């Protein structure tokens, strides 16, 4: 397995992973309705967003992206058969470091309000803390452990 920065050429493969997740499942049609398309993500990578992916044998198995313009950890997705191997934690750490390097002392993400979901426990184990519940979403934050 290899982790590397996402390139524009990788964007279609990211959608294959995103629609195959175990939790927070969204179909291609739902993503499109939300304005999340190959074209929009390609444009984001060229301007505001950066991310990393994990691949094995040429297949993308997970990825994470952050929004450098807002300090948001924007998305993390992993194929279910690759969960529990530390890949998600590695990808998340890379996005966190990138957002802090972009100047954000405090970064944030949104997740489901249900604390029974695996994602919530995952974020807590990675040092994220609850900030608020707003518009049906849980907002979590994390602060740079090494502020300049």
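Summary of values
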read-out: Residue 77 being within 10 Å of the chain's Cα centre (by Cα), free of Cβ contacts under 8 Å to residues at least 40 places away in the same chain and buried (at least 18 other Cβ atoms within 10 Å of the Cβ); value: no
read-out: Selection count, the stretch 92-107, where residues are within 14 Å of residue 140 (Cβ to Cβ) and either under 11 Å from the mean Cα position of the chain (by Cα) or buried (at least 19 other Cβ atoms within 10 Å of the Cβ) (or both); value: 5
read-out: Wholly enclosed strands (runs of 3 or more DSSP E) of the stretch 86-148 bearing at least 2 residues within 21 Å of residue 52 (Cα to Cα) and in contact with a strand residue (DSSP E or B) (Cβ under 8 Å, 6 or more places away or on another chain); value: 106-111, 137-143
read-out: Those helices (runs of 4 or more DSSP H) lying entirely in the stretch 1-59 with at least 1 residues under 30 Å from residue 116 (Cβ atoms) and touching a strand residue (DSSP E or B) at 6+ places or on another chain (Cβ under 7 Å); value: 11-18
read-out: Options 66, 71, 51; residue that is in contact with a helix residue (DSSP H, G or I) (Cβ under 8 Å, 6 or more places away or on another chain), at pLDDT 95 or above and at positive phi; value: 71
read-out: Enumeration of residues in the stretch 46-58 that are free of Cβ contacts under 8 Å to residues at least 40 places away in the same chain and surrounded by fewer than 20 Cβ atoms within 10 Å (Cβ to Cβ); value: 46, 47, 48, 57, 58
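The values are calculated or read from the model by the stated rules, or taken from the named source; none is laboratory data. Model, not experiment: these values are computed from the prediction. Using ideal geometry, Cβ is built from the backbone for each residue, glycine included, and neighbour counts are taken over all protein chains shown.
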